[in-house]
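Participant: Okay, here's the structure, questions in a sec.
The values are calculated or read from the model by the stated rules, or taken from the named source; none is laboratory data. No experiment lies behind these values; they were computed from the predicted model shown. These area figures cover heavy atoms from the full protein model, side chains too; ligands, DNA and RNA do not enter into them. Shrake-Rupley method; radii C 1.70, N 1.55, O 1.52, S 1.80 Å.
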Amino acid sequence: IMLLEVAEERAVPWTAPEDYELDMEDPAAGLFVDRVLKILLGDGSVHDLEEGIDLDTLRALFTRAGGEVVRLP
């Protein structure tokens, strides 16, 4: 995941040199807006993930060079 939309209370200003702090124990916390997580992947594709996505799949999407094979719903 290169870019994602998060709930307003968890947002980081795009002009600030800081990153979103992901909780790998609960990677879904504060991410879903109206039950959807909008993501942009490194290949340029855009996806809407529904709330309730498997947490292992979500963790794998956030893992760089983890070697996981991810199939998006």
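Participant: Quick one: Karplus J couplings for region 59-70, per residue in order, coefficients 6.51, -1.76, 1.60, θ = phi - 60°, nearest Hz, x for Gly and Pro?
Facilitator: For region 59-70, the Karplus curve yields 4, 4, 5, 8, 8, 8, 6, x, x, 6, 9, 10 Hz.
Participant: Would you work out the relative contact order for the chain, in percent, from Cα pairs under 8 angstrom that are 6 or more residues apart?
Facilitator: Details: 76 pairs, mean separation 22.4, N = 73.
Reported as a whole number, the value is 31 percent.
Participant: Residues of the chain: accessible area per residue at 1.4 Å, in Å²?
Facilitator: Details: 5470 Å² over 73 residues.
For the chain, the per-residue accessible area is 75 Å².
Participant: Just to check I understand the Karplus step: with θ = phi - 60° and J = 6.51 cos²θ - 1.76 cosθ + 1.60, what whole-Hz values come out for region 41-51, glycine and proline as x?
Facilitator: Karplus-based 3J(HN,Hα) across region 41-51 equals 8, x, 8, x, 7, 10, 9, 10, 9, 8, 4 Hz.
Participant: If you wrap a convex hull around the C-alpha atoms of the chain and split its volume per residue, what is the figure in Å³?
Facilitator: Details: hull volume 7.5 nm³, N = 73.
Convex hull volume per residue, Cα atoms: 103 Å³.
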